[in-house]
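Input: one structure, supplied below.
The values are calculated or read from the model by the stated rules, or taken from the named source; none is laboratory data. Everything quoted here is computed from the prediction, not taken from an experiment. Reconstructed Cβ throughout: ideal geometry from the backbone, glycine too, with neighbour counts over all protein chains shown. Note: accessible area is taken over every heavy atom of the protein model, side chains too, but ligands, DNA and RNA are not part of it. Shrake-Rupley method; radii C 1.70, N 1.55, O 1.52, S 1.80 Å.
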Amino acid sequence: LVLSSREQHQSWTDDLPLCQMCGVGTAPNCVYGPDGKGTQSHTNEDGHLRFRGEDGCFLYGVFNGYDGSRVASFASQCLTAELLLGQLNSSHTDNDVRRILTQAFDVVEKSYFETIDDALAEKANLSNYLPPHNESQKVQDRLKELEQEVSGGATAVVALILNNKLYIANVGTNRALLCKSSSDGQNQVLQIGRPHSTDNEDELQRLAALGVDSARVRQAGQIAGQSSTRRLGDYPVKFNYNEIDLLSAAKTRPIIAEPEIHGSQSLDSVTGFLLLMSEGLINALESAHGPEQANQEIVAMVAAELAQQSSLEAAAQSVVDRIKRLHHDVYVSGRQRATYCSRHEDMTLLIRTLNYTLADGALTPTQGGRIYPVSVPYSNSQSTSKTSVTLSLVMPSQGTLTNGTNTASTLEEGTPTPGQSPTATLQSTNTQTQSSSSSSGDGSLFRQRGSQAAQPDETGRVPPYVDFSQFYRLWGSDHSDGVSLT
């Protein structure tokens, strides 16, 4: 019995334990009709991995597949086999780890193309075959099947934790956010790396060095139907790029699978969480609310769900469900951004906690409550300027939260009572590379509910318990002096 490469990788990794400090939420793609009802246009093409290896090694990944799920599925299995079957150990240096990660992606790419060799050969033979008239349709149908089999690709964001140090390897347009809470109660969120997209200046320069007209690429916004300039698989783009108008002038293969690796970043004494997000999740939120606050919103949602849910799986799924509802509600509202929200792609969110206690655990005694990390905006500017802004939400420490309602009979001094809102503090530091601002307000980020659980309306929804308007007001007033993030 000869196992295929994909079956071998799957059998090799079947016995690896899943990481229990991780939760994943998903939602399939959706296209809305005029009545607001959604239908799924294709099977879910995303993939993910979350394994605990030996020697204190952990591996996570989110894969955004397109034109089929084959590449995303293959990559998640093959990459695991290339990294968690003895290749990594605690004696490896940062350079060793980066080299091993880069090699693993190279093996994934080459191994995947090997799996479609037979289909490519059959396709070439049939393309040169002149069938009898009565077989013509059958040949055409088979050619379509083969074309579908050799097409498709995926983007990937992978997180590796070894020796309690974090490494991020990125190929394409998914996103990684690291949220850290400092000892003084302030929190910082870092977007690790930039997407390899048609508006990434470094990627445009790389393409220009190969002879590609980068201005045309930027204007087009897509290359062969995708915004990514790095991707796994996608045989037509990798091997027939000279037949693609935008890429035809390239001296060598312009769309590559080489990962950009960030790290290591020490996780010693770090409290917070790591988020890996598929492009579909990011785009759905940005389509609904604009790109400016996407990182802030996603982290606020995660923090709010971690404050209530007793499992990471439930927290991750709740966040995805909330973004899906947000996207849908903007579409049916007919508001200005509704035209951007007629559909969304598959969505995947992976949450990995870092010394972070869930809702049913002990609370951190800070101002009588627990600090939840909320936001740091990511600057899209091409300059070296970075803006670091931190926002803290202080949640009540006594009693339990039921449907977002605090049921405590007594609260410590400094803790918001049911008639008050948690305090929000917006601060930033000033260095040569950072903008400075500071402000505080009543922080009415959480709407108060009555003592009874909220009842669903006729659509089955309950009133939202998180209101971001105060945060946006604070943010806007603090940056009205001309400081810009874009």
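Restricting to the range 134-155, and then to whatever is farther than 30 Å from L354 by Cα and open to solvent by less than 20 Å² (accessible area, probe 1.4 Å), can you tell me which residue is modelled with the highest pLDDT?
Filtering the range 134-155 for residues that are farther than 30 Å from L354 by Cα and open to solvent by less than 20 Å² (accessible area, probe 1.4 Å), the one modelled with the highest pLDDT comes out as G153.
Let's see how each residue does on (1) under 25 Å from the mean Cα position of the chain (by Cα); (2) open to solvent by less than 10 Å² (accessible area, probe 1.4 Å); (3) modelled with pLDDT of 90 or more:
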site	(1), (2), (3)
N128	no, no, no
P132	no, no, no
V157	yes, yes, yes
L160	yes, yes, yes
N163	yes, no, yes
I168	yes, yes, yes
C179	yes, yes, yes
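Report the residue count in the range 336-351 for those that are touching a Ser or Thr at 6+ places or on another chain (Cβ under 8 Å), buried (at least 21 other Cβ atoms within 10 Å of the Cβ) and assigned to a strand (DSSP E or B).
Adding up the residues that qualify gives 4.
Suppose we filter the range 108-126 for residues that are more than 27 Å from the chain's Cα centre (by Cα), closer than 22 Å to F63 by Cα and surrounded by 12 or more Cβ atoms within 10 Å (Cβ to Cβ); how many remain? Let's see the steps before the verdict.
Initial filter on the range 108-126 (more than 27 Å from the chain's Cα centre (by Cα)): 114-126.
Filter once more, so that each one left must be closer than 22 Å to F63 by Cα: 114-116.
Of the ones still in play, those that are also surrounded by 12 or more Cβ atoms within 10 Å (Cβ to Cβ) are 115-116.
Qualifying residue count for the region: 2.
Given the condition part of a helix (DSSP H, G or I) and either modelled with pLDDT under 95 or surrounded by fewer than 24 Cβ atoms within 10 Å (Cβ to Cβ) (or both), answer yes or no: does some residue in the range 87-95 qualify? Let's see the steps before the verdict.
Here is the first cut: in the range 87-95, the ones part of a helix (DSSP H, G or I) are 94-95.
Of the ones still in play, those that are also either modelled with pLDDT under 95 or surrounded by fewer than 24 Cβ atoms within 10 Å (Cβ to Cβ) (or both) are 94-95.
Yes.
Looking at this structure, is A220 closer than 30 Å to V270 by Cβ, touching a Leu at 6+ places or on another chain (Cβ under 7 Å) and either touching a residue at least 24 places away in the same chain (Cβ under 8 Å) or open to solvent by 10 Å² or more (accessible area, probe 1.4 Å) (or both)?
Details: closer than 30 Å to V270 by Cβ: no; touching a Leu at 6+ places or on another chain (Cβ under 7 Å): yes; either touching a residue at least 24 places away in the same chain (Cβ under 8 Å) or open to solvent by 10 Å² or more (accessible area, probe 1.4 Å) (or both): yes.
Against the criterion (closer than 30 Å to V270 by Cβ, touching a Leu at 6+ places or on another chain (Cβ under 7 Å) and either touching a residue at least 24 places away in the same chain (Cβ under 8 Å) or open to solvent by 10 Å² or more (accessible area, probe 1.4 Å) (or both)), A220 does not qualify.
Any idea how many residues of the range 65-86 are open to solvent by 10 Å² or more (accessible area, probe 1.4 Å) and either closer than 21 Å to L18 by Cα or in a helix (DSSP H, G or I) (or both)?
Step one: filter the range 65-86 for residues open to solvent by 10 Å² or more (accessible area, probe 1.4 Å), giving 66-70, 73, 76-77, 82, 84-86.
With the extra rule that they be either closer than 21 Å to L18 by Cα or in a helix (DSSP H, G or I) (or both), the set shrinks to 70, 73, 76-77, 82, 84-86.
Number satisfying all stated conditions: 8.
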